[in-house]
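Laboratory data are not the source of any read-out in this text; all were calculated from the coordinates shown. Since the model is a prediction, treat every value here as computed from it, not as a measurement. Here Cβ is always computed from backbone atoms with ideal geometry, including for glycine, and neighbour counts include all displayed protein chains.
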Amino acid sequence: GNKGQNGNGYYDVTAGNIPFGDMSLFDPAFSTSTDPVRRQGARTLHNYFFMKSVDTVRDGGIIAFITSQGVLNSEQNRPVREWLMNRCDVVSAIRLPNNLFTETAGTEVGSDLIILQKRPPGDDDVTQRQTDFIESRKLSNGISVNNLFQQFDRVIHTEYKIDTDPYGKPAIVFSQSGAEAGIAENLRQMLAED
């Protein structure tokens, strides 16, 4: 049965590919909240989807999204990442190559696969992985990179270069050879390890 209003605590899994876009959402539970991080979450699609999913899955539930790299890279999203890590464990975080959607959507945008598991309240052990999820740092070339991706071992790629993102900002652009089959094989291996 439904445990809460709006389906809160009801679902086992939320999953999807969050649309890219700079838009805010109307959700009074967020926009009028006394929690400043919830108010920040309502201002961007990606943060909102993650935070709303934490509300709607049960304890132990899984949240899995392909999302923009900004969720993990952006320094102003640190409070949102902290909020998520106060409530979830990181099952997997994998940076996807920029050529992932080239064949199907004709876009070269950087995205991450993030899989979280909601913890029961009171379970407050913080792991190194959670700490890394929260922290991002600016490289000397001005690029912000989440600590989980500093070594590139959590990035699906066969090559990389310093270039610009679709907004003209400097970015590390990763590409994987072998098209989708190469990406799938690499991804399968990382998910199996996680």
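A few comments on the model shown:
- The range 145-188: C-alpha gyration tensor shape, a/c 1.5 cut-off, then a/b vs b/c: oblate
- DSSP beta bridges fully contained in the chain are about 75 percent antiparallel.
- Working from Cα pairs under 8 Å separated by at least six residues, relative contact order for the chain is 18 percent.
- Ellipsoid semi-axes for the range 1-81, based on the Cα gyration tensor and the rule √(5λ), read 21, 16, 11 Å when sorted largest first.
- Positive contributions from Lys and Arg (+1) and negative ones from Asp and Glu (-1), summed over other residues with Cβ under 10 Å from the Cβ of F30, come out at +1.
- The convex hull drawn around the Cα atoms of the range 86-184, when projected onto a plane and averaged over every direction, covers 7.4 nm².
- Cα gyration tensor, the range 13-57 - rounded (a/c under 1.5), prolate or oblate: oblate
- Values of log10 I(q)/I(0), in the order q = 0.12, 0.22 Å⁻¹, for the range 40-136 under a Debye, Cα-only, solvent-free model: -0.38, -1.16
- Residues I143 and E185, FRET efficiency given R0 of 22 Å [Cβ-Cβ distance, rounded to 0.05]: 0.20
- Residue-count net charge about F133 - beta-carbon cut-off 10 Å; Lys, Arg +1, Asp, Glu -1: -2
- Label assignment, Cα extents along the principal axes in Å derived from the structure, set (i) 43, 36, 32; (ii) 48, 42, 35; (iii) 46, 33, 33: (iii)
- Peptide ranges 124-130, 157-163 listed from the most packed, as the mean C-beta count within 10 angstrom indicates: 157-163, 124-130
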